[in-house]
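Here is the structure we will look at.
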Amino acid sequence: MSKFKSGSEWEKIAQGIEDDKKDEIETMEDLEEKMRMTPKNMFPSKWDDPDDLIEEDKNPQASLERLALWAAGEDKLDILKEVLTKKPSVVNASDRDGYTPLHKACYNNNVEMAKLLLQYGADPNAETELGWIPLHSACKWNNAECVALMLQHGSDINATSHGHQTPLHIAASVSNSRSTLVTLLMDDRIKVDMLNDSNEKAATLAKKNGMAFPLFAMGQSALTVETGMID
């Protein structure tokens with residue numbers, strides 16, 4: 001799975017730079033200098049319909065939103081800080097698939113970036129077009145630190161995608177997700193028996209796809225224990 005891209009002119013410019021020079025872009029000034037050196041109208045925007053005429057982007061607000069998404073996807077924390085300072089509302093910008101900067105930070109396990117976005121009011125339960133919240137993104141890549149951070153800030157641990165995949169389902173489908181699964185299973189809000197559209201529990205996916213199934217087997221008795229206490 002490739003990294004999420006914003007489809008902006010900023011992304012096109014970054015893609016045009018040789019790999020060994022990409023690290024030179026660390027500030028907004030670097031990007032603006034690259035923009036000044038790029039002929040106008042050279043790059044079409046993926047945000048436009050294919051049949052639209054190529055024209056210069058005259059909407060600075062859109063450019064800031066796109067830049068925020070690009071910076072989050074490329075781990076450019078300093079650039080994202082500058083953009084948020086200039087326009088805090090870009091914290092909840094989203095690309096055509098609905099991914100926000102927080103989704104991208106969680107995808108990259110960039111905890112400091114995720115914290116920054118949360119400080120600016122990022123929605124920990126923002127949904128993509130497929131119903132993924134940032135917690136799903138963190139679970140997909142076994143980014144346990146971001147998983148813990150999202151849970152601490154109100155992420156819905158049992159959120160379901162359009163295929164009724166919970167974060168636990170996503171983590172269970174990854175072969176090397178032990179740390180993420182432990183983080184999820186230790187949360188007392190977890191519902192381990194939820195079914196996806198294929199009528200599968202997360203434990204079923206874990207048994208099929210990796211070596212994490214023993215975590216479910218060991219935790220099952222604790223997760224379903226009857227205390228026998230009288231109200």
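The values are calculated or read from the model by the stated rules, or taken from the named source; none is laboratory data. Since we're looking at a predicted model, the values are computed, not measured. With ideal geometry, Cβ positions are generated from the backbone for all residues, glycine too; neighbour counts draw on all protein chains shown. In case anyone asks, the SASA skips ligands and DNA or RNA and just uses the protein heavy atoms, side chains included. Shrake-Rupley method; radii C 1.70, N 1.55, O 1.52, S 1.80 Å.
Quick notes on this one:
- Using a simple spin-label model with pseudo-atoms 7 Å out from Cα toward Cβ, ARG96 and LYS191 lie 3.5 nm apart.
- Protein heavy-atom accessible surface, 1.4 Å probe, per residue over region 115-214: 47 Å².
- Per-selection Rg to Rh, region 57-227 - Cα, Kirkwood hydrodynamic radius: 1.03
- Per-residue surface analysis assigns ARG178 an accessible area of about 120 Å², computed on protein heavy atoms at 1.4 Å probe radius.
- Approximating the spin labels as points 7 Å out from Cα along Cα→Cβ, the LYS208-to-HIS164 distance works out to 1.4 nm.
- Residue pairs, from the table LYS115/LYS191; LYS87/LYS115; LYS76/LYS104; LYS140/LYS208; LYS104/LYS201, whose Cα atoms sit over 22 Å apart: LYS115/LYS191; LYS104/LYS201
- At an R0 of 22 angstrom, the distance between the Cβ atoms of LEU130 and LYS86 translates into a FRET efficiency of 0.10.
- Entry note, region 57-227: relative contact order of 14 percent, from Cα contacts under 8 Å with a spacing of 6+ residues.
- Two-site label geometry, GLU145 and ASN199: point separation in nm, points 7 Å out along Cα→Cβ: 4.2 nm
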